[in-house]
Amino acid sequence: MMPGSAAPAGGAGMFVPAATAGTVLCCMCGVAMQPNPANMCARCLRARVDITEGVPRHAAVVYCPDCSSYLQPPRSWLRATPESPELMQILLRRINRPLARLRVSLSGAEFVFSEPHSKRLRLKLRLRREVLHGIVLEQTHPVEFVVHDRLCDSCSRAQANPDQWVAVVQLRQHVPHRRTFLYLEQLLLKHGQASLAIRVAAAPGGLDFFFGSRSHAARLVDFLATVAPIQTQTAKQLVSHDTKSSVYNYKYTFSVEICPICREDLIALSPQASRDMGGLGPLVLCVKVTNAIALLDPLTLRVHHMEEKKYRVYNFKAALTSKQLVEYIVLDIEQESPEISIDGSRYQLAYAQVARVSDFGKNDTIFTVRTHLGHLLNPGDHALGYDLYGANLNDDDMDTAMTRYSLPEVVLVKKSYEKRPRTRRWKLKRLPVEEDAGNKAKGEEERRLDEYEAFLKDLEQDPDMRFNINLYRNEDYRSEMASTVGDDVPTVPIEELIEDLTLGDDEEDEGDEAVAGNTQSGMVE
């Protein structure tokens with residue numbers, strides 16, 4: 001076999017020549033290269049063609065330091081964090097028009113680090129343009145934006161007079177905890193509904209959102225109506241009146257009251273309400289609250305969805321709330337029916353023998369109850385439930401139900417897990433709420449921390465709640481903390497966590513502006 005010749009094809013007895021890449025000489029400098037439509041090497045193309053000619057290298061952007069917003073001409077202000085995709089979009093809009101005029105396309109962009117106090121924002125663009133004989137040339141192009149500080153309209157009014165608001169949304173819920181507001185806070189952050197508020201202030205029983213425009217307040221009320229059962233009342237007060245131009249200035253107030261029924265509340269339905277719901281109850285658990293209330297009969301697994309208007313007809317209250325949950329230990333359990341799924345949640349009827357943890361080892365009081373948690377509970381587990389055997393109830397509907405029906409002594413609500421450290425691999429963002437430190441009661445701060453911890457535990461146990469909010473990676477979390485948590489304790493999968501996007505400098509590639517000929521695509525990079 002001759003050197004450089006290919007092996008004979010099997011069975012054919014023929015020789016196939018080896019495939020070699022052809023080369024040509026550059027028409028300008030004579031260097032051997034792969035052929036391209038221009039017959040020029042990368043060095044010669046770069047020397048004769050500059051696709052960045054005419055593309056601006058300097059631009060300006062207006063920034064409001066009070067609300068971290070950037071001006072989007074002519075009058076729009078958009079909030080964006082440093083090196084965020086939103087900021088990238090705002091900056092690229094400033095140079096889109098010159099690129100379109102020069103017929104240059106943008107193939108990539110990234111931030112280049114600059115000192116925060118320098119009032120400069122730097123971008124590195126990768127521009128692409130068709131040049132000689134259909135060849136596409138790609139080059140990098142730096143652009144520097146000078147940041148000019150200027151207060152936006154709403155911040156200017158707030159600086160002139162902090163109380164100069166036009167509309168206020170007074171959000172209230174008459175319950176002994178703030179779990180609903182913690183959840184609504186995350187929904188508002190995810191959808192950006194409170195971003196236009198001049199300020200957010202804490203109030204007894206709720207929050208106050210102050211806006212510089214009535215339309216912004218109305219938009220927040222419309223959003224709340226889609227995520228919670230609310231009742232709204234509006235009012236306006238005349239501030240000033242110009243008799244010559246017939247211009248009236250009003251201050252608007254939106255009073256929004258959230259239904260006082262929350263998740264895990266135990267409700268005793270009146271005989272009329274039970275009949276209208278097809279014999280549901282009379283004891284029901286609230287398992288989900290959206291713009292409607294989902295009521296579950298824990299003894300029959302029937303679920304009824306009640307809208308806010310229908311709720312106002314019966315206007316029932318919670319007989320027992322999550323503050324009154326008692327911890328039980330499961331002694332034995334026997335499944336009664338197969339596991340079923342209702343509205344995305346799993347349930348299974350079972351008979352369980354439970355005893356109060358506080359009485360365990362002190363007396364022999366054991367309760368045999370029917371529960372909907374048969375798919376979760378095992379002997380030895382702990383569960384939280386309502387103690388109807390020893391509870392002091394002050395509810396007329398509950399008294400009526402006790403006289404008419406044989407009610408269970410215990411209603412189990414959820415499985416209880418061992419205590420875990422408060423540091424997690426994930427964290428939540430919070431609204432900047434103004435607090436009146438002078439009016440805080442003794443122990444108020446500890447109570448709020450406990451409520452926030454209970455809310456985080458609910459997020460870990462309920463994937464449906466996590467689906468509607470954003471969870472972020474906690475940079476302070478250490479992996480060795482996980483060793484103190486039991487295997488059966490529910491945690492948030494790492495796939496559900498969001499990491500704040502930070503765009504930085506990549507490692508410099510050799511031949512950033514290298515040009516490679518491609519006879520098939522005509523692309524030069």
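At a glance:
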{"read-out": "GLU475 paired with LEU102, simple spin-label distance in nm, labels 7 Å along Cα-to-beta-carbon", "value": "3.5"}
{"read-out": "Euclidean distance of C-alpha centroids, region 162-227 and region 251-299, integer Å", "value": "23"}
{"read-out": "Cβ-Cβ FRET estimate between GLU144 and ARG214, R0 fixed at 60 Å, reported to 0.05", "value": "0.90"}
{"read-out": "Computed P(r) (all Cα pairs; region 161-258; 10 Å bins; percent)", "value": "15, 48, 26, 8, 2, 0"}
{"read-out": "ASP332 versus ASP399: modelled label distance in nm, points set 7 Å from Cα along the beta carbon direction", "value": "3.8"}
{"read-out": "Probe 1.4 Å, accessible area per residue of the chain, Å²", "value": "56"}
{"read-out": "Heavy atoms of ARG447: accessible area, 1.4 Å probe, square angstrom to 10", "value": "80"}
{"read-out": "Positive dipole terminus of the chain, leading residue within ASN474, GLY281, PRO56 (C-beta point charges)", "value": "PRO56"}
{"read-out": "For region 161-258, share of DSSP beta bridges that run antiparallel, in % to the nearest 5", "value": "80"}
{"read-out": "Structure-based [θ]222 nm, the chain - -39500 (n - 2.57) summed over DSSP H runs of at least 4, per residue, nearest 500", "value": "-6000 deg cm²/dmol"}
{"read-out": "Sulfur and carbon atoms: percent of accessible area, region 265-415 [1.4 Å]", "value": "45"}
{"read-out": "Most to least packed among 318-331, 202-215 [average Cβ atoms within 10 Å]", "value": "318-331, 202-215"}
{"read-out": "Portion, in percent, of the accessible area of region 24-153 that falls on carbon or sulfur, probe 1.4 Å", "value": "51"}
{"read-out": "Of all DSSP beta bridges in the chain, antiparallel share, percent nearest 5", "value": "80"}
{"read-out": "Computed FRET value (nearest 0.05) for ALA201 with LYS236, which takes r as the C-beta separation and R₀ as 22 Å", "value": "0.65"}
{"read-out": "Globularity index of region 71-207, i.e. its alpha-carbon radius of gyration over 2.2 N^0.38 Å", "value": "1.52"}
{"read-out": "Approximate spin-label separation ASN468-LYS251, in nm, with each point projected 7 Å along Cα-to-Cβ", "value": "3.3"}
{"read-out": "Structure-derived semi-axes √(5λ) of the Cα gyration tensor in Å - corresponding label in [x] 44, 26, 18; [y] 61, 38, 21; [z] 47, 24, 19", "value": "[y]"}
{"read-out": "Pairwise Cα inverse-distance average, inverted: Kirkwood Rh of region 265-415 (Å)", "value": "16.0"}
{"read-out": "Long pairs among LYS309/LYS457; LYS190/LYS310; LYS190/LYS457, criterion Cα-Cα beyond 22 Å", "value": "LYS309/LYS457; LYS190/LYS310"}
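The values are calculated or read from the model by the stated rules, or taken from the named source; none is laboratory data. Keep in mind that this is a model prediction, so the values were computed, not measured. For neighbour counting, all protein chains shown are included, and Cβ atoms are generated from backbone atoms with ideal geometry for every residue, glycine included. Note: areas computed on protein heavy atoms with side chains; ligands, DNA, RNA excluded. Shrake-Rupley method; radii C 1.70, N 1.55, O 1.52, S 1.80 Å.
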